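The values are calculated or read from the model by the stated rules, or taken from the named source; none is laboratory data. Predicted model, so just to flag it, every value in this text is computed and none were measured. Please note: Cβ atoms are built from the backbone with ideal geometry, for glycine as well, and neighbour counts cover all protein chains shown. Please note that ligands, DNA and RNA were not included when accessible areas were found on the heavy atoms of the full protein model with its side chains. Shrake-Rupley method; radii C 1.70, N 1.55, O 1.52, S 1.80 Å.
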Protein chains: 2
Amino acid sequence: MATRPIPLHSDPQSGPGAIEPIALTSLAEEAFVKLVQVITSGRYLPGQRLSESELARQLGISRGPLREALGRLEGRLVMRTPRIGIRVIDFRPEEVSQLFIVREALEGMAARLAAEHMTTSELAALGDLLEEHGRQQDISPGQAYHQGVGDDDFHFAIIKGARCEQLERLLLDGLYYQLRLHRLRASAQPGRAKEAFGEHREILAALLSRSPDAAEGCMRRHIRNARLNALSSIQASAASPRETRRQQRSY
Amino acid sequence: MATRPIPLHSDPQSGPGAIEPIALTSLAEEAFVKLVQVITSGRYLPGQRLSESELARQLGISRGPLREALGRLEGRLVMRTPRIGIRVIDFRPEEVSQLFIVREALEGMAARLAAEHMTTSELAALGDLLEEHGRQQDISPGQAYHQGVGDDDFHFAIIKGARCEQLERLLLDGLYYQLRLHRLRASAQPGRAKEAFGEHREILAALLSRSPDAAEGCMRRHIRNARLNALSSIQASAASPRETRRQQRSY
DNA sequence: AAACCCAAAACTGTTGACAGTCGTCAGTAT
DNA sequence: ATACTGACGACTGTCAACAGTTTTGGGTTT
């Protein structure tokens, strides 16, 4: 299986003297990782109700650890109704917008900090990453870039570069799971990929110039544009009720 | 006992059609609220190890719900070590600083949104609140204001006024618990109260002028100052090793 | 006296089971 | 045919108990 013990950000040289190489992973932790994988993979429809017993049986564990994992996912990827059960979170357009607003605030700050804290070698690696993205974009133009992991890699690198564990935790453990889930349903507007790529280059330039203000400004503009794009995309899909809008609310 | 079913922000008119008046509270939920109350009240020392069995016995519940509640507090108010147990979170100076940095990002955005979304009556109420604070400050000058609930009330009102549930959740469910815990140990510098009060008035003025940029700028400056004050306060207490620094690490 | 080793106690992680509640559906009345 | 009532089934919330590990304390050795 080879599941990572720590959900997303597993940097070995985090704290100065923090040595915890052998991360004894509990069943609850493993269940948490598996659940994130499964839910963000789009296997279940938004709003779909999930059975604890069924999940526990499928994961091969008891309901105790599973409930702990679900408790951690509550409000992020699943919703709980007291005596009813759990269901996959179902984003309303307003909630998606708020997701981007929070991202704008946090990642803007991350870019500001990254402009001060990222090493030159890290910045060089980020430049290489962008070049690679540019080549991929030439080959397969369209919406693959903005939705794919390429976009995430760029933002991850900057979040890491901020050297702020609290920021990392909030963004990577909370928001990015939800964002990934949202992307499964919403398709980016055509042309957005090229735009996003250009904005990434602007951000990199601001980082290279070591200007916190410019870095934060560029990042916030980038995410604000992504939000507006997501919103118009949602409205478009709501206007043409294809299969996207069908939600299985079983209650 | 009259425990509130929802931890902090229990506004009755939140969503447009969100009706959930009868909140069937589970034992895990109650345990969560109680644990937040107890830990943020400073009953346990930072770093102190807690026994699950002992807590369960004191709360009069089984270990199942308690473990769920502890799982939700993990990374916020308690730290877990896989086969060892849980202990009250112990802030290093850098983590306190990061707390304020995240606050600066999120509350700055909240102020921006509040400048657009708060009603005139809400702004009037906020003005009354500040006036009240001014009178209390005249009576009892010093650090009571900045550390007390008065400061929180002001910020709460603005966070509410942003009309952004995601922002609310992150700030109120996560950061403010930690902030309260930090304040138990760190004493604000003298004179900071007056400064903070003046900054609050600036923020209110920006909100009244309906200027998002000014509101965000004032709020961020306010929180940045609070961070610098907290840091110098920590360094001062570290230089004079009084009882503040004694930590009971039982491992 | 200090360091080491070993056994007992305590604790965490996990499991299976039980009670109360909710959703569903057949049956009946209108 | 439609609406209401009751019981059945499934599920959530909760608890007590079990296995493996960690900590602690005493006893022994150097």
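Things worth noting here:
- Some residue of the range B:90-102 being closer than 15 Å to B:Ala31 by Cβ and of a type in the set (A, V, I, L, M, F, W, C): no
- Looking across the range A:76-89 at every residue that is closer than 21 Å to A:Glu30 by Cβ and within 14 Å of DNA strand D (Cβ to nearest atom), the one that is most open to solvent (accessible area, probe 1.4 Å) is identified as A:Arg80.
- With respect to (1) in contact (Cβ under 8 Å) with a residue 60 or more places away in the chain; (2) farther than 17 Å from B:Tyr177 by Cβ; (3) more than 11 Å from DNA strand C (Cβ to nearest atom), the lone exception for B:Arg92 is condition (1).
- Residue satisfying condition, being of a type in the set (S, T, N, Q) and open to solvent by less than 80 Å² (accessible area, probe 1.4 Å), within set B:Gln189, B:Gln235: B:Gln189
- Any hit, the range B:60-68, residues being open to solvent by less than 60 Å² (accessible area, probe 1.4 Å) and within 7 Å of DNA strand C (Cβ to nearest atom): yes
- Selection count where residues are farther than 21 Å from B:Ala186 by Cα and modelled with pLDDT of 85 or more, scope the range B:130-155: 3
- Output for the range A:71-87, where each listed residue is out of contact with any Leu (no Cβ under 7 Å at 6 or more places or on another chain), hydrophobic (A, V, I, L, M, F, W, C) and away from DNA strand C (no atom under 12 Å from the Cβ): A:Met79
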